[in-house]
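Okay, so here's the structure we're looking at.
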Amino acid sequence: MHLLLEGRQGGPGLISASLFDFLHGRYRVRELCPAPVFGGGARLSVHSNCRASITVSNVTYSEADISSKVSIEDGVARIVVATAANGASLDLEGIEEGTSVLRSVNAGTTAIGSVLLIGRGPNFCAGGNVHDFAGADDRGAFVESVATTLHAFVRELAAVSAPIVAGVHGWAAGAGMSLVCLTDIAIGGPSTKLRPAYPSIGFTPDGGMSWTLPRIVGSGRAMDILLNDSIINGEEAVRLGILSRLVGDDYVDSEAARLARTLAAGPTSAYEGIKTLLMASESATLTEQLEAETASISRAAVSPAGREGVDAFVEKRRPDFS
């Protein structure tokens, strides 16, 4: 990853600066870092303006990436759902910030082309913070407040017409698995594992899992997964349709980010129509769905994206949907 840091040259081959080392998903301050390589494969480059860039594991971050839980860049609304702190448990600050941004998107005041859900650290999201549950004076009221915060985010996320992508590295457990089930495309790796995790602490699901999971894998399989608190590896998750596909573990986040950027630059009105049709198909008859498809494709034909797509095809050029 790239991380821009203030620094000064402290002698041949050395940079004196407070540098973050992301080895194994943990941040460590390193005061003197030999160039060009430090911290388990991170490559350090020194620029003429005395700023440094760090490249690790093919993932790119800026200084803003480290401080902000939500950002919009190149049409992608990126939301951090968990960090390495507190065992990669659900980051309620990021969830609340994400709810605010998505509410603005759904109100039509903020324009995006896709949503990207990520976790920082070795895992995507390990679910709610069980230590916080245990330490609450009123556990019922506390868990209710966490679920209410999460569900406000879920409602706004489910209402988004743009494609939703997740980079699911490491564990996605509890609410983390619930969030994966809400996405349109979820990228995992060979080491990705999913687990409901609720029964193991005597809880029932939240985050919409009891609604989304049976729609993905079927009601019987969902019951089996939830009652047995099954651990699902990456290959099985792809087979079940929970994950879309696998890439190398080191490329999960970068591939998810690439895909989110590609979708954001694509025919967003067509994506909106596709999502609307698929959602409606859950309760529509075939005749109703055919009527909906007729109306949708006729609207698409006269939309800016539809006109550009057809014209580009005829003219044998790449369409520009920007």
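The values are calculated or read from the model by the stated rules, or taken from the named source; none is laboratory data. Keep in mind the model is a prediction, meaning the values are calculated, not measured. Note that each Cβ is placed from the backbone with ideal geometry, even for glycine, and that neighbours are counted across all protein chains shown. Just the protein is used for accessible areas: all its heavy atoms, side chains included, with ligands, DNA and RNA removed. Shrake-Rupley method; radii C 1.70, N 1.55, O 1.52, S 1.80 Å.
Summary of values
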| read-out | value |
| --- | --- |
| Protection-proxy order for peptides 278-289, 117-128, 94-105, each taking the mean of Cβ atoms within 10 Å per residue, highest first | 117-128, 94-105, 278-289 |
| Per residue solvent-accessible surface (Å²) - the range 64-214, probe of 1.4 Å | 39 |
| Relative contact order, percent, the range 100-202 [alpha-carbon distance under 8 Å, six or more residues apart] | 32 |
| Volume per residue of the C-alpha convex hull in the range 176-218, rounded to whole Å³ | 84 |
| Evaluated over the range 232-322, the Cα radius of gyration and Dmax, each in Å | 17.1, 47 |
| Qualifying aspartates and glutamates (Cα of each under 20 Å from Cα of Lys69; at least 8 residues distant if same chain) | Asp21, Asp91, Glu93, Glu96, Glu97, Glu156, Asp253, Glu255 |
| The range 152-306 - percent of accessible surface contributed by carbon and sulfur, probe 1.4 Å | 58 |
| Per-peptide average of other Cβ atoms within 10 Å, ordering 70-78, 130-138 highest first | 70-78, 130-138 |
